[in-house]
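A quick write-up on the structure given underneath.
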Amino acid sequence: MIQFIAISILCYCIGLQISISDLKCFSHQIKYEIGTAQILCLVFFLTSLGFILYDIINVKFWLMLYACAAIFVSFLFEWFISKIDSQSLVVDIFLRFIAIIIFAYIICVYGLQLFTPFVLYGLYIRNCPFGVAHGKDLYLSTYLTRRTFPAIKGRNIIKISLPDFNYAGLRRNINQTTNICDVSTYGIVPDATDDILDRVQQLINDVGEKGGGVIYFPKGKYYFNKGGMHAFLQINYSNVAIQGEVDENGRPLSELICCSDTLCGAKNPWLSPFFITAGESLQRSNIFFGLQFKNKKNIITRSGSLADPGSDGEILTPKYVTKITGNALTGSDVIEVQDASTIGKYIIIGMYNTTKDGNLIKEILGVDVLRPEWKTSLRAGEEMSPSFQWLIEVKEKLNRTKIRLSRPLLRNIDLKYDPCIFNVDMLENIIIRDIKISSQWNGLFRHHGFPMYYNVSQAQKMDYGWNGINMKRVAQGCIQNVVIENFTNPLYVMDSRNITCRNISIRGYDGHQGIKIYGHACDNLFENITFYCHFADMLGGEGNAYGNVFSHIYYMNPCFKPVDFDFHGFSEGPFSPPAYNLFECIYGFRYIKTAAAMYNLPGCAQYNTWWNIMSEGEKKGAPLFICLPYVRKNVFQKTLSSISRMLITSVQNKDFNPKHMAEICQQRAKEIETSSMKKEEHQSLYHNIYCIGFKTSCKIRSQDDIYNISQQDFVFPISLVKS
């Protein structure tokens with residue numbers, strides 16, 4: 001009996017290492033360099049076949065029945081563990097070993113000694129579509145070091161007219177303060193088990209009220225939010241830095257640990273607080289900031305996600321200051337205004353749709369006609385949406401009617417769009433550096449949950465509950481030499497400008513959104529960032545995000561789990577999708593993807609640029625551009641999608657009337673039928689895009705406004721941004 005249990009545990013561990021995705025790499029249909037993880041996966045797969053063949057010889061016909069029963073029991077037990085949702089790895093491992101012992105005992109009672117059920121239990125966990133608590137801790141591939149990527153060497157010299165991206169990132173030297181507050185002198189000691197959140201928050205507030213300073217954490221571990229009250233650290237003052245101790249190689253030795261989630265799920269859960277949140281006093285969590293429709297209608301928008309409670313479109317609005325009185329061309333930095341006397345340092349320049357058919361939004365998107373399923377776009381004309389909203393710094397006031405901006409215009413300002421200026425309060429000089437932040441999240445993640453498998457609360461928590469750093473309403477800030485581990489959303493830059501995020505390592509469990517530019521995120525720089533984990537929406541953003549630069553981003557991907565560039569469209573009704581952003585010198589990404597709700601399409605606006613990209617994981621000959629809501633579905637997929645939408649909508653509306661549920665099913669089936677298009681046609685949804693030196697085996701169709709230069713070789717200059 002003991003010997004059988006030991007072998008059963010071995011079979012379970014073997015099954016755990018077999019990834020179906022990894023095995024696909026041996027088909028040679030996918031562009032991917034097979035590594036140690038894939039070789040081990042194949043070895044374990046062949047070993048498991050040996051155990052299964054042994055069972056076939058002994059049991060033959062009945063093995064299929066035992067296998068089906070084992071998978072069903074695995075499903076039930078993992079569902080049970082997901083409901084417990086323990087943050088302890090030891091507890092989850094113990095529960096699974098108990099399950100194996102029970103399985104083994106039952107099998108022995110019936111005089112059998114089968115190993116296949118235990119291989120299948122491990123195999124189920126490794127490939128479970130619903131998410132597994134502490135799963136990555138059990139996989140050998142997690143601990144393997146990925147090969148380094150080759151250096152990009154430009155061969156072809158390319159001269160092309162593009163926006164100047166050198167305005168991105170921190171544009172001034174932040175004064176080094178002499179006010180350094182060592183937390184240990186305030187009774188906050190490392191490696192203690194008590195919750196120090198309130199004491200650190202008070203220290204941050206005290207330092208901020210006195211003009212700023214550095215909150216310094218000596219090496220060790222510091223625990224926050226142990227009470228489970230969704231509490232979080234806030235930086236609400238300018239000139240505040242959080243800094244840790246480093247070793248001789250510059251590696252952070254100080255670790256701040258978030259012990260509970262920070263979910264606020266009643267309204268806009270996707271805007272829940274982060275463990276470290278800047279600007280909370282200027283813009284509370286769970287609400288957007290920006291310009292509102294002039295003629296707003298009372299419309300509730302809701303996606304097909306179980307985690308989405310719906311949005312009534314409420315946003316915080318800045319103070320109107322003055323009108324713009326003269327047209328201005330792209331490249332100009334001088335604006336004529338009615339009265340410059342009350343204009344502040346930071347402003348939003350807004351322009352409105354002035355015709356019923358949405359003249360401005362069509363120009364921003366680069367289309368002549370708005371598709372009928374683009375509900376948010378269609379609202380722009382009728383509700384007079386301020387579709388162009390640009391967060392910008394005023395460099396100087398030239399006289400009473402003219403101002404100079406801190407950077408040239410990215411597009412024309414036209415008086416026919418009723419351009420206006422609004423003042424925006426911002427924090428300045430916020431720094432987070434030389435530190436590690438982590439959480440006690442157990443890694444249980446299924447993108448947007450799944451109808452009836454997870455409840456609404458669980459779906460929201462895994463999507464938006466464990467969040468790292470949010471630079472919100474900050475100008476001229478920096479996140480540098482930081483390790484972010486075990487967060488479903490590691491890093492947001494939201495309604496902020498001129499933030500530099502440099503030398504960041506993102507590790508731990510796989511999650512929702514890797515790095516996201518959100519709302520009015522403008523002219524921010526993300527440089528030298530390495531991902532050691534996978535995110536459903538890896539790199540991208542939504543809303544009026546302009547002039548951002550992503551440079552030298554690496555996805556290590558030790559086991560085959562491809563990622564894409566990601567766009568999510570409008571954010572909120574009055575906004576518009578991201579434009580004028582640069583992605584350069586990036587390794588390991590696959591496709592350019594839109595994953596927004598159908599009503600928030602298209603995913604991105606014009607003039608986004610990809611420059612010197614080394615792709616990986618794509619299917620050879622597949623289209624480079626993909627828009628998930630338009631992907632064609634077979635009969636099974638249509639049926640599953642219709643049932644899924646029915647269950648989600650019924651739970652959201654708390655309406656389980658059979659007639660209403662049938663109507664939802666029919667409506668979803670019709671929506672799929674009318675909106676689907678071939679993947680080769682998805683590229684037509686992207687306009688005026690630059691793909692230059694994008695080294696990929698994907699196909700890019702010939703299209704007038706997709707600028708595809710040197711697909712098989714990198715180009716010179718290597719980078720469009722000066723260091």
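Of these, 59, 90, which one is free of Cβ contacts under 8 Å to residues at least 40 places away in the same chain and in a helix (DSSP H, G or I)?
Working: 59 fails: free of Cβ contacts under 8 Å to residues at least 40 places away in the same chain.
Result of the check over 59, 90: 90.
Annotation: residue 108 fulfils all but one of (1) touching a helix residue (DSSP H, G or I) at 6+ places or on another chain (Cβ under 6 Å); (2) part of a helix (DSSP H, G or I); the unmet one is (1).
When the residues of the range 240-257 are narrowed to those that are polar (S, T, N, Q) and touching a strand residue (DSSP E or B) at 6+ places or on another chain (Cβ under 7 Å), which ends up surrounded by the most Cβ atoms within 10 Å (Cβ to Cβ)? Give the derivation first.
Within the range 240-257, the subset polar (S, T, N, Q) is 243, 249, 254.
Subsequent filtering for residues that are touching a strand residue (DSSP E or B) at 6+ places or on another chain (Cβ under 7 Å) retains 243, 254.
Values: 243: 19, 254: 22.
Per the stated criteria, the residue is 254.
Note on the range 664-697: residues that are loosely packed, with under 15 Cβ neighbours inside 10 Å and among the aliphatic types (A, V, I, L, M) total 1.
Only one of the numbered conditions (1) buried (at least 16 other Cβ atoms within 10 Å of the Cβ); (2) β-branched (Val, Ile, Thr); (3) closer than 23 Å to residue 424 by Cα is not met by residue 317, and that is (1). Examine the range 241-256 for a residue that is farther than 25 Å from residue 174 by Cβ, touching a residue at least 24 places away in the same chain (Cβ under 8 Å) and of a type in the set (A, V, I, L, M), and state whether such a residue exists. The answer is no; no qualifying residue exists.
The single condition among (1) under 33 Å from the mean Cα position of the chain (by Cα); (2) more than 30 Å from residue 584 (Cα to Cα); (3) of a type in the set (Phe, Trp, Tyr) that residue 165 does not meet is (2).
Checked against (1) closer than 30 Å to residue 689 by Cβ; (2) in contact with a Gly (Cβ under 9 Å, 6 or more places away or on another chain), residue 317 meets all criteria but (1). For residue 31, work out the one condition from (1) under 27 Å from residue 486 (Cβ atoms); (2) in contact (Cβ under 8 Å) with a residue 40 or more places away in the chain it doesn't fulfil. That leaves (1) as the condition not met.
Buried (at least 20 other Cβ atoms within 10 Å of the Cβ), more than 30 Å from residue 212 (Cα to Cα) and either among the aliphatic types (A, V, I, L, M) or assigned by TED's automatic domain parsing to the domain that holds residue 336 (or both): is that true of residue 417 in this structure? So residue 417 passes the test.
Can you name every residue in the range 341-353 that is of a type outside the set (Gly, Ala, Ser) and either part of a strand (DSSP E or B) or touching a Leu at 6+ places or on another chain (Cβ under 7 Å) (or both)?
As a first pass, look at the range 341-353 and keep what is of a type outside the set (Gly, Ala, Ser): 342-343, 345-349, 351-353.
If the condition is that a residue be of a type outside the set (Gly, Ala, Ser) and either part of a strand (DSSP E or B) or touching a Leu at 6+ places or on another chain (Cβ under 7 Å) (or both), then 346, 347, 348, 349, 351, 352, 353 are the ones that fit.
Taken over the range 582-621, the residue count meeting the criterion of being under 16 Å from the mean Cα position of the chain (by Cα) and within 26 Å of residue 520 (Cα to Cα) is 11.
When each of 523, 510 is tested for being surrounded by fewer than 24 Cβ atoms within 10 Å (Cβ to Cβ), assigned by TED's automatic domain parsing to the domain that holds residue 255 and touching a helix residue (DSSP H, G or I) at 6+ places or on another chain (Cβ under 9 Å), the lone residue that passes is 510. Scanning the range 287-305 for any residue that is surrounded by 18 or more Cβ atoms within 10 Å (Cβ to Cβ), closer than 18 Å to residue 468 by Cα, of a type in the set (A, V, I, L, M) and at pLDDT 95 or above turns up nothing.
When the criteria are applied in full, residue 82 fails the requirement of being touching a helix residue (DSSP H, G or I) at 6+ places or on another chain (Cβ under 6 Å), crowded, with 17+ Cβ neighbours inside 10 Å, farther than 12 Å from residue 116 by Cβ and small (Gly, Ala, Ser).
Of all strands (runs of 3 or more DSSP E) completely enclosed by the range 535-592, which ones contain at least 1 residues that are touching a helix residue (DSSP H, G or I) at 6+ places or on another chain (Cβ under 9 Å)?
535-542, 549-555, 582-589
Going by the conditions given, is residue 143 surrounded by fewer than 20 Cβ atoms within 10 Å (Cβ to Cβ), closer than 30 Å to residue 695 by Cβ and without any contact (Cβ under 8 Å) to a residue 24 or more places away in the chain? So residue 143 fits the description; yes.
So that you can scan it fast, the table gives a plain yes or no per residue for (1) over 19 Å from residue 444 (Cα atoms); (2) surrounded by fewer than 12 Cβ atoms within 10 Å (Cβ to Cβ); (3) under 33 Å from the mean Cα position of the chain (by Cα):
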site	(1), (2), (3)
1	yes, yes, no
15	yes, no, yes
38	yes, no, yes
55	yes, no, no
104	yes, no, no
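Considering 68, 11, the condition of being loosely packed, with under 15 Cβ neighbours inside 10 Å and in a helix (DSSP H, G or I) is satisfied by 68 alone.
Take the conditions (1) at pLDDT below 95; (2) touching a His at 6+ places or on another chain (Cβ under 6 Å); residue 262 misses just one of them, which is (1). Residues of the range 17-35 that are surrounded by fewer than 17 Cβ atoms within 10 Å (Cβ to Cβ) and farther than 17 Å from residue 138 by Cβ: 23, 24, 26, 27, 28, 29, 33, 34.
For first residues located in the range 169-190 and farther than 18 Å from residue 208 by Cβ, partners that are in a loop (DSSP other than H, G, I, E, B) and lie 6+ apart or on another chain with Cβ distances below 8 Å form the pairs 169/523; 169/524; 171/406; 184/190; 184/218; 190/218; 190/219.
To keep it simple, each residue is scored yes or no on (1) more than 28 Å from residue 133 (Cα to Cα); (2) assigned to a loop (DSSP other than H, G, I, E, B); (3) of a type outside the set (Gly, Ala, Ser).
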| site | (1), (2), (3) |
| --- | --- |
| 34 | no, yes, yes |
| 40 | no, no, yes |
| 51 | no, no, yes |
| 78 | no, no, yes |
| 99 | no, no, no |
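Of the candidates 120, 95, 114, 63, the single residue that is surrounded by 13 or more Cβ atoms within 10 Å (Cβ to Cβ) and closer than 26 Å to residue 440 by Cβ is 95.
Filtering 403, 335, 349, 392 for residues that are touching a Cys at 6+ places or on another chain (Cβ under 8 Å), farther than 30 Å from residue 302 by Cα and modelled with pLDDT of 95 or more leaves a single hit, 392.
The values are calculated or read from the model by the stated rules, or taken from the named source; none is laboratory data. None of the values given here were measured: they were computed from a predicted structure. Neighbour counts are summed over all protein chains in view; Cβ atoms, including those assigned to glycine, are modelled from backbone coordinates with ideal geometry.
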